[in-house]
Amino acid sequence: MTGSDPEPDHGGDDTEPETETGTDRDDLDRLVTTLHDRLAATATRPVREDASRWLGEAEAVAGDLAVGPLPDDEVLRRRLGHVEHLLSNVGETEDEAADEHVASARTALADALATLGDGGDERDERDESE
């Protein structure tokens, strides 16, 4: 009996759901950080002015998410959707390294959105209409 083992008989069943949720949140945190890092990397590249504006705004939104704890899923989904919209306006950057950073950011964004899933909003709307 040591102070470091206070909950040995509750660890198995209680920690499995928390571990899955914790793992999802850890994955989301990692993906959001990657998204922000890739977008921040474009700031040092000689990209087209129009692309730079969209990338800067997307970086700012991702940066807000990357610091501190992640918001709840609904807010996170909405903010990532905003980043997705901003990135949809980025065409050619005219810089190969920046294009690679943008592609990596889009991959991290898609993975984060896939991890979040659809949030069940469609099911809730269906249930209300019936």
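The values are calculated or read from the model by the stated rules, or taken from the named source; none is laboratory data. Not measured: the values here are computed from a predicted model. All Cβ positions, glycine included, derive from the backbone under ideal geometry; neighbour counts span all protein chains shown. The accessibility values were calculated without ligands, DNA or RNA, using every heavy atom of the protein model including side chains. Shrake-Rupley method; radii C 1.70, N 1.55, O 1.52, S 1.80 Å.
General observations
- The set of residues from region 67-109 being farther than 25 Å from Glu49 by Cα and without any contact (Cβ under 8 Å) to a residue 40 or more places away in the chain comprises Val67, Gly68, Pro69, Pro71, Asp72, Val75, Arg78.
- Residue in region 39-61 that is farthest from His85 (Cα to Cα), counting only those that are open to solvent by 70 Å² or more (accessible area, probe 1.4 Å) and in a helix (DSSP H, G or I): Glu49
- Identity of the residue in region 62-103, assigned to a helix (DSSP H, G or I) and among the β-branched types (Val, Ile, Thr), that ends up nearest to Pro46 (Cα to Cα): Val102
- Boolean, Asp24 is modelled with pLDDT under 95, charged (D, E, K, R) and part of a loop (DSSP other than H, G, I, E, B): no
- Any hit, region 1-15, residues being at pLDDT below 50, open to solvent by 80 Å² or more (accessible area, probe 1.4 Å) and in a helix (DSSP H, G or I): yes
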